[in-house]
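Read through the structure below, which is laid out as structure tokens, and then see the notes.
The values are calculated or read from the model by the stated rules, or taken from the named source; none is laboratory data. If you're wondering where the values come from, they're calculated on a predicted model, not measured in any experiment. Cβ sites come from the backbone with ideal geometry, for glycine too, and all protein chains shown count toward neighbours. SASA here: full protein model, heavy atoms, side chains in, ligands and nucleic acids out. Shrake-Rupley method; radii C 1.70, N 1.55, O 1.52, S 1.80 Å.
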Amino acid sequence: MVTSSDVKVGLLYRKGDPYDRAWQKIVRFAEKKLNITIITQEYGETLLDNVDACCKVIAAGAAVVVSSSTSQDTAVHADVVSPLNIPLVSVSATDPYLKNSDRDYLLRLSPPDNYQGRAIYDLLELFEWKEISIMASSDSYGMNGIAELQNMINKHYGHTVKHTLFFDRNKGGPNVSFQLQELKTSLAKVILLHCGSEYVRNILEEAHEMGLMGEGYVWIITEASVSQPASLMINGSFASYYEGLIGLRAAVTKTDSYRRFKDSYLLSSDETSVTDLTIYSLLMYDAFGLSTQALRSIGSPQQSGIECFSKEGWSSGPEVLDALLSVEYTGVVGKINFTSTGVSTRVVYDIVNFRDDNFQTVGHWHNTSHIELFGKLTFLGGTYQVPSHIANDIEGVHLRLGALAEGPFMYEISDNCEGNRCWTGMCDDIVQMLAIDLGFTYEYVKPPDGHWGGYDPITKEWSGLINELKGSRIDMVPLPLSTSVARKEVIDFGYPFMDAAITAIVKAESGTNNPWFFLSPFDKTVFASLLMVNFVVAMLIGIMSKISPMGIHGARLHAMKLCSCRSCDLWRSTKGANILRQRSNSTGCLVDKVEDKSSLETSFYNSVWMVGSGLVGKNTRLFPYSMSGRFLLFSWWFFMLIIMSVYTANLTAFMTLSNLGVQIEDVQSLLGQSKYEWGVIGNRNPETLLLTNKDKVYTQIAERGVELASLEEALERLRNGSFVFIDEGPILRHHLKDDCDMFIIGNEFQSFEYSFGLPKGSPYKNLVDKYLLQYREKGVIDYLWSKWSAKKVLCDQKVGNDVVLDMKMLGGAFYILGAGICLSLIIVTGEILYSSIADCVRYPGVTFSRALKSRLDLRREYLLPQASKIGGTISSIRLNMNIGSVRNSLVLS
């Protein structure tokens, strides 16, 4: 039988550990239960204390050393015992970078923090917390423990670490006032606290005093604190503001082995308590049990008290290490196995939620199956609603806002005012709305140099408001800051609330007189084409009036071919002699019916004037009688309507240009002239945009132009004449809205946006953007612009390149006229065919070909054969008519 003296195991723990009494109870229970000797040794805070404690345990003959220390202390222990070939079993060290080639004899029962980092990342994913702020101690546990979480966040799009704040350890406790204030001002909502258990209570207490532990906040604490809840107690009890804390701890599989151990431990002494059975207490007991089983499996080799820093290690050490790695052991927490690197293969975390004065398990995380929740969480403030990672307001926060006078956005009132009441304008209205919606207070602050902000390439420094934002001396600039890449590198821009561009303005001068200005709108070919088309259309209308049977001439000619009876001739003679005072249409004479409409006759001579009047927008009383002629005339009028409209509009533009007397077509032409000076305001965005433009022409414009000190100076020089001012379009339009002799040169260029400015990484950006977007969508911005700035824009005038219209630009109008001519020809053809068919119906025996030929023949031939038989009587009828006319004249006289 093996006696207790055959197995010796050492235990190292820090002096003042809040669980030192629990360790002592576990040690006494393990010695009795496992029948072994446990050599305990506490150590102080210095490195020498750590080394000395290790040496004492080794000198006492410990074959395996168990450490219940932090990763930093465990590293020292491993550096002492590993060279001596003595295995070191760590209960609580979780630094993932703890193991190296010089620490081959180090074994760890707690999973490394890289697994805990993955579990925290899955927790963020589960609750859709896209931003997290981290507070960590600046020791190996804090710094290395968050590395895997940061790596996971960097790998996956959609999550960001808002802040990573480290604090130092000291005897009086960590000073984290600065870190907590940073969290408060940054509007952090989801906070991970990763540090040793000895710091957590004080940090949470100070966070509560600063208002960081109420509803809407999420605090996640790590395994070091959750596994030792006694370290969080204040005067023996838990604080009420802990309610809703979320944490992780290494899971305990509550099997029958655990239950038997728990019952046996509680019955072993009246001093034992269930509160002693933390995960670390259980792992410590399992470390003793694992060491005992491994040593006994190889015959319990004895370590005879090797001296520290001996050149030769324990000869049986490798065998003991192999036994520890290969032994099959099922402990209180479950089955224990190690990887080849000495890490326990058992990686399971409990997701815990503090409520009812206890950390209650609400889920699990396994390295193979990841996270699983089976209970409802309570969050800080006693709410069950999952908080958002984004703040909904900044209630109670006081902001310093940069301000400069720039109408209509901001005006400074100098008389009878104090504080914020000294400012008014469009942007001040927006600030007031934001203050109401977000709940903050504010004060306006001017930049020391009075500038907006420009970059000096010599000093490499920014000026004005940009420099104040860059140095975080102000929280926001609620003014129309022009966005640019250069500024974006040093500040953040809010959501754009207006669009803008660079504009060049010049004052008009008296123009030069041009006696031929009216010829300017059209190219010479256009005028020649108009004259040619005028004669073509006139000729076609005249021809159609001749050949169309629906026209006056065509109808008369056809009537004379058909109507040759004596009664008709006699009726004409009496009508011509004015003997018959009363008209009679009873004769039915075709010629007379046509002659009644002779006033509508359009000869070729008349057609020229009728069509020509359309060139000057006038109409005559003479119109074609046929449908084909009228349709062609209508097409001509429509064509001239287009031509005259274009001509009038372009002539107006030319007259405007002539009156301006400005000889600059665009901004680029400034470099090639000497009549005008030009300039931009220094340390202002237009100057920066011009200097940084890839087009060297714009760079030269900025370099060779006059650098103006202020907007007032620029406007004064502009109004004096012979000066071109280059600046932001909305600003110019507002200040020059009543100056109708000011004109824009060319087109606006280098468009940009107006945005509020904030310091880099400002916590207020998302909230400000949210409401600015709402204001813009609801038309609030447009309303405010109309309220503070006049609606008319610079007399709606513009100087630029003149356009002479040529045939390419007016070709469409000529195409329309051509289509009208073609349709008119089709109509006249239809008229001839229709009349020919009608002749066939009216006169039986006349063929269609004969009728069509007669319609096309412009000579006076008879259509009917019998009409020629009475043709010889026409002369005698006319003679009789003449004699009758003379007789009637005598009678009347």
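Side notes on the structure shown:
- Pair-distance profile P(r), taking every C-alpha pair of segment 663-790, with 5 angstrom steps and integer %: 2, 9, 16, 19, 18, 14, 10, 8, 4, 1, 0
- Calculated FRET value between Glu215 and Gln150, using beta carbons and R₀ = 25 Å, to 0.05: 0.35
- Remark: for residue pairs Lys8/Lys32; Lys507/Lys675; Lys189/Lys376; Lys56/Lys335, the C-alpha separation exceeds 22 Å in Lys56/Lys335.
- Inter-probe distance in nm under a simple model that places probes 7 Å from Cα toward Cβ, at Asn392 and Ser710: 4.7 nm
- Within the shell of other residues whose beta carbon sits under 13 angstrom from the beta carbon of Ala63, the net charge comes to 0, with Lys and Arg scored +1 and Asp and Glu -1.
- Counting only protein heavy atoms and a 1.4 Å probe, segment 329-456 has 46 square angstrom of accessible area per residue.
- Across the accessible surface of segment 181-256, with the other protein chains kept in place and a 1.4 Å probe, carbon and sulfur atoms take up 45 percent.
- Highest average first, the peptides 178-189, 104-115 ordered by how many other beta carbon atoms sit within 10 Å of their residues are 104-115, 178-189.
- In this simple spin-label model, placing a label point 7 Å from the Cα along the Cα-to-Cβ direction at both Leu267 and Cys840 gives a separation of 13.1 nm.
- Computed FRET value (nearest 0.05) for Ser138 with Asn358, which takes r as the C-beta separation and R₀ as 30 Å: 0.45
- In whole percents, the pair-distance distribution calculated for segment 308-360 from its alpha-carbon pairs, binned every 5 Å from zero, is 4, 14, 15, 15, 13, 11, 10, 7, 5, 4, 2, 0.
- Per residue accessible area in Å² of segment 1-69, where ligands, DNA and RNA are left out and the probe is 1.4 Å: 44 Å²
- Positive contributions from Lys and Arg (+1) and negative ones from Asp and Glu (-1), summed over other residues with Cβ under 13 Å from the Cβ of Leu465, come out at +2.
- Accessible area of segment 696-775 divided out per residue, in Å², using a probe of 1.4 angstrom: 40 Å²
- Mean Cβ neighbour count within 10 Å, used as a protection proxy, ranking 449-461, 528-540 highest first: 528-540, 449-461
- Whole-number Å³ per residue for the convex hull built on Cα positions in segment 237-352: 191 Å³
- Per-atom-type breakdown for segment 267-314 gives carbon and sulfur 48% of the accessible area (1.4 Å probe, protein chains only).
- If the chain linking Ser529 and Met498 were pulled fully straight, counting 0.36 nm for each residue of separation and taking away their Cα-Cα distance, it would gain 6.3 nm.
- Percent carbon-and-sulfur accessible area, segment 416-507, ignoring ligands, DNA and RNA, probe 1.4 Å: 50 percent
- Most to least packed among 234-247, 122-135 [average Cβ atoms within 10 Å]: 122-135, 234-247
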